[in-house]
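**Q** This structure is in structure tokens; I'll ask about it shortly.
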Amino acid sequence: QVQLVESGGGSVQPGGSLRLSCAASGNIYRINNMGWYHQAPGKQRELVATINNWGITNYIDFVKGRFTISRDNAKNTVYLQMNSLNPEDTAVYYCNLNQGVENYWGQGTQVTVSS
């Protein structure tokens, strides 16, 4: 079993920045993918960015150039630096860890972008 604890959400004005963190603990395999998804009200949860153990990243087009995902393998922690935030980024952001057939989610952290 794996536990994911997120932090760093909040409210920010358009153009602002936030940094999300997600610390994983428990039975973590040596090879895994970690990532961030978001879910806006009335919409499905969708991928934002992922990163594997070797630092290979994947982003949805909407956040390319604005968001940066990174991880600290020694701490089993993944980060999401979000810059140039706009109201369309408002959503609950969920941390995800995938290791083969096992898939885990954090509890979610709210990000609100408004003036």
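The values are calculated or read from the model by the stated rules, or taken from the named source; none is laboratory data. Quick caveat: nothing in here was measured; it's all calculated off a predicted structure. Please note: Cβ atoms are built from the backbone with ideal geometry, for glycine as well, and neighbour counts cover all protein chains shown. Surface areas here come from the heavy atoms of the whole protein model, side chains and all, with no ligands, DNA or RNA. Shrake-Rupley method; radii C 1.70, N 1.55, O 1.52, S 1.80 Å.
**Q** Summing Lys, Arg as +1 and Asp, Glu as -1, what charge do residues with Cβ under 12 Å from the Cβ of Asn53 carry, Asn53 excluded?
**A** Once all neighbours under 12 Å are counted, the net charge is +1.
**Q** Give the shape of the chain as rounded, prolate or oblate, defined through the alpha-carbon gyration tensor: a ≥ b ≥ c are the square roots of its eigenvalues, a/c under 1.5 means rounded, and otherwise the shape is prolate if a/b is larger than b/c and oblate if not.
**A** Prolate, since a/c reaches 1.5 and a/b exceeds b/c.
**Q** List the chymotrypsin sites (Phe, Trp or Tyr not before Pro) within the stretch 23-58 that fall in a DSSP loop (any state other than H, G, I, E or B) and whose Cβ has at most 15 other Cβ atoms within 10 Å.
**A** Filter output for the stretch 23-58: Tyr29, Trp54.
**Q** Charges at C-beta only: +1 for Lys and Arg, -1 for Asp and Glu. How large is the resulting dipole of the chain about its Cα centre, in Debye rounded to 20?
**A** 160
**Q** While we're looking at this one, here's another question. What accessible area per residue, rounded to a whole number of Å², is obtained for the chain using a probe radius of 1.4 Å?
**A** Solvent-accessible surface per residue comes out at 53 Å².
**Q** Please report the relative contact order for the chain, taking Cα pairs under 8 Å with a sequence separation of at least 6, and give it as a percent rounded to a whole number.
**A** Relative CO of the chain lands at 36 percent.
**Q** What does the charge add up to near Ser17, with Lys and Arg as +1, Asp and Glu as -1, over the other residues with Cβ less than 12 Å from its Cβ?
**A** That works out to +1.
**Q** Compute the length gained on full extension between Ser84 and Ser115: take 0.36 nm times their separation in residues and subtract their Cα-Cα distance, giving the result in nm to one decimal.
**A** In short, 9.8 nm is gained.
**Q** Pull out the extension gain between Lys43 and Gln13, defined as 0.36 nm times the separation in residues minus the alpha carbon to alpha carbon distance; nm, one decimal.
**A** 8.6 nm
**Q** Roughly how many nanometres apart are two label points built 7 Å out from the Cα toward the Cβ at Asn58 and Tyr29?
**A** Spacing of the two 7 Å Cα→Cβ label points: 1.5 nm.
**Q** Which order do the peptides 79-90, 42-53 come out in when sorted by mean C-beta neighbours inside 10 angstrom, highest first?
**A** The packing order, highest mean first, is 79-90, 42-53.
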